[in-house]
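The values are calculated or read from the model by the stated rules, or taken from the named source; none is laboratory data. Note that the coordinates shown come from a computational prediction; the quantities given were computed from them, not determined experimentally. Cβ placement follows ideal geometry from the backbone for every residue including glycine, while neighbour counts extend to all protein chains displayed. Side chains are part of the model used for accessible areas, which takes the heavy atoms of the whole protein and leaves out ligands, DNA and RNA. Shrake-Rupley method; radii C 1.70, N 1.55, O 1.52, S 1.80 Å.
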Amino acid sequence: MSQRELVVLGTASQVPTRHRNHNGYLLRWDGEGLLFDPGEGTQRQMLQAGVTTTGITRIAVSHFHGDHCLGLPGVVQRINLDRVPHPVDAYYPASGQVFFDRLRHASVYHATADLRERPIAGPGPLEAPGAPFELSAVRLSHPVESFGYRLTEPDGVRLRPERLRELGLRGPLVGQLQRDGRVEVDGRTVLLAEVAETRPGQRFAFVMDTRLCDGVAELAEGVDLLAIEATFLEADAALAEEHGHLTAAQAARVAAEAGVRRLVLTHFSQRYPDLQAHRAEAEKHFDGEVVIAEDLARIPVPPRR
């Protein structure tokens, strides 16, 4: 059975707390598993969450600050220890190649897996062999080079049951119509377009460390699920701007303007032990569903429209 959900492995920014591990997010998308920003402790959080390395098909690192990548050595070595049978694509800013190399080869291990490096030189579509979606990177605004990621499923076709009934189409005839785009029934030719409508593809965006910029809006536009940093509250907006981060209010305003369906706030500063103010601040600006991410939570992608 297909499954689309975001498994939250950690929600802390900069340093972990008693209740928040460093960053880590696994997007399960049918047969794909995209691991975003594996911070320190990600391997253990995966164990706690009940997900395995064999479910990882791609790794995407937004930038090379430690809270977004120091879990990479353990994850890479576990992928090899478990002899993951399929290739794993690793995306990261090309400007941080030296850091990726150090993390990938942080200690001695026996390499058994096919980890395919895909450094990102600039914004645009990414090579994602075998993926049932398009994966793209968008440049963000942070003190070091940082990219956000957007997953876009192509639009599909949905059959209209009432039209099938009206035209007397059932059983093998429906299958033939789907295969060939046309079928003969009662002496007339029925085209697929007569009984079908467009099924919008689903979309997901991952927006980590950044101040407000055009890239944030570009990533969020029309997505079903937006995972976005909300490191600070609006009262600390000057700090957010200085350090290259967003406030909960800024993230919510972006979501409202972009038509986001489900908004997931995460990457919280240790200065906020209680996150109710983040929810309240976001709900002032966004009237859709607001989720305050918690470690080990599973957040479904909203059902298709």
Going through region 96-118 in order, the residues found to be over 22 Å from T53 (Cβ atoms) and surrounded by 15 or more Cβ atoms within 10 Å (Cβ to Cβ) are G96
Problem - G41 among the small types (G, A, S) and under 15 Å from I228 (Cα atoms) - result: no
Selection from region 58-67 of residues open to solvent by less than 20 Å² (accessible area, probe 1.4 Å) and not in a helix (DSSP H, G or I) yields R58, I59, A60, V61, S62, H63
For region 119-152, the count of residues that are open to solvent by less than 40 Å² (accessible area, probe 1.4 Å) and not polar (S, T, N, Q) equals 17
Yes/no for R83 being in a loop (DSSP other than H, G, I, E, B) and either under 17 Å from L115 (Cβ atoms) or at pLDDT below 95 (or both): yes
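If we keep just the residues of region 114-168 that are touching a helix residue (DSSP H, G or I) at 6+ places or on another chain (Cβ under 8 Å), modelled with pLDDT under 95 and assigned to a strand (DSSP E or B), which is nearest to R203 (Cα to Cα)? Even if it seems obvious, please write down each step before you answer.
The initial filter retains those residues of region 114-168 that are touching a helix residue (DSSP H, G or I) at 6+ places or on another chain (Cβ under 8 Å), namely 115, 117, 119-121, 123, 138-141, 143-145, 148-150, 157, 159-160, 163-164, 167.
Narrowing further to those that are modelled with pLDDT under 95: 157, 159-160, 163-164, 167.
Next cut, assigned to a strand (DSSP E or B) only: 157, 159.
Numbers: V157: 16, L159: 21 Å.
Here the answer is V157.
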Picking from P119, P132, P93, P143, the residue that is touching a strand residue (DSSP E or B) at 6+ places or on another chain (Cβ under 9 Å) and under 22 Å from E40 (Cβ atoms) would be P93
